Amino acid sequence: MKSLLFLFLSFLLFAGCNKEVNTPDSDYDILNIYPHNTSYFTQGFEFVGDTLIEGTGKNGYSKIVKYNFNNGQVYQEINLPSIYFGEGITVFNNKVYQLTWKSLKCLVYNYSDLEKINEFSYTGEGWGLTNDGTNLIMSDGSDKVYFRNPEDFSLIRTIIVKDSNNISVSLLNELEFAEGKLYANIWGSNYIISIDPQTGSELRRYYLNDLLTAEEYYQAEVLNGIAYRNGNFFITGKYWPKIFEIKLIDK
Ligand SMILES: [Ca+2]
């Protein structure tokens with residue numbers, strides 16, 4: 001009888017835990033949780049193989065860091081001159097491209113040693129950056145996404161992101177290109193959207209609520225980091241203590 005009661009209680013406990021982790025309405029499943037350095041004001045987040053490369057912001061604190069996502073072990077890092085507020089990063093053709101917020105510069109480095117080798121100018125602000133294997137793709141905090149030539153940063157085309165009601169979606173921030181779609185997180189929100197890179201139409205909106213506890217949110221800033229690897233997304237934010245490996249649920 002005792003063992004039956006134990007089984008019953010175990011079932012209740014298991015069912016309760018399971019419900020908390022994955023409610024029927026959830027837009028995501030958490031697969032794993034990894035450490036994230038709480039001094040990183042995350043602005044760019046991308047995988048190269050098994051290595052995470054992260055760009056961080058704030059004048060005097062901006063970095064590019066390459067590290068092991070499993071344990072946070074840093075392989076290589078550089079600090080930016082304090083005149084620069086680092087923004088989005090992406091790796092293309094063995095080079096790292098890094099936007100700056102208001103300095104009108106895209107800085108270019110060798111991926112292998114993070115030595116700076118070039119820089120390009122643009123107008124407006126720099127926010128998020130990714131690439132689709134052909135072009136660099138950039139956001140500036142508006143509803144626009146800019147496709148640029150990686151050779152000279154010249155503008156190739158612009159899309160305007162609109163939701164299903166044809167209303168502009170602005171404050172597009174960190175970007176990730178995965179499986180033919182563009183993903184963006186929206187500054188100040190806990191959701192990310194998938195976008196048709198040809199038309200700018202918002203395809204889906206994924207609410208990533210409750211990743212951090214209230215206590216953790218209190219000590220951190222906004223969600224701002226999307227990296228894709230092997231079918232899963234890795235999500236973090238500015239000063240977040242954790243990186244969440246998740247699977248997005250399409251309903
Ligand atoms: Ca990214």
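Rule-based calculations on the coordinates, nothing more; no lab input. A quick note: this is a predicted structure, and the numbers were derived from the prediction, not measured. With ideal geometry, Cβ positions are generated from the backbone for all residues, glycine too; neighbour counts draw on all protein chains shown.
Values for this structure:
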read-out: ³J(HN,Hα) computed for each position of the stretch 113-124 - Karplus, 6.51 cos²θ - 1.76 cosθ + 1.60, integer Hz, glycine/proline x; value: 10, 6, 6, 6, 10, 6, 8, 10, 9, 8, 9, x
read-out: Residue-by-residue Karplus 3J(HN,Hα) for the stretch 204-209, coefficients 6.51, -1.76, 1.60, Hz, glycine and proline x; value: 8, 10, 10, 8, 9, 6
read-out: Proximal lysines relative to Lys66, as straight alpha-carbon distance under 19 Å, when same-chain residues fewer than 8 apart are discounted; value: Lys58, Lys95, Lys116, Lys238, Lys242
read-out: Of Leu114, Leu52, Leu31, the one that fluctuates the most in a GNM where the chain has Cα springs shorter than 10 Å; value: Leu31
read-out: Ordering of 54-60, 135-141 by burial proxy (mean other Cβ atoms within 10 Å per residue, highest first); value: 135-141, 54-60
read-out: Length added when fully stretched, Asp196-Glu221, from 0.36 nm per residue minus Cα-Cα; value: 6.2 nm
read-out: Cα gyration tensor of the chain - equivalent ellipsoid semi-axes, whole Å, descending; value: 34, 22, 15
read-out: Label point distance in nm, Asn118-Thr213, each placed 7 Å from Cα along Cα→Cβ; value: 4.8 nm
read-out: Whole-Hz ³J(HN,Hα) from phi, Karplus 6.51 cos²θ - 1.76 cosθ + 1.60, for the stretch 187-193, glycine and proline x; value: 3, x, 10, 9, 10, 10, 10
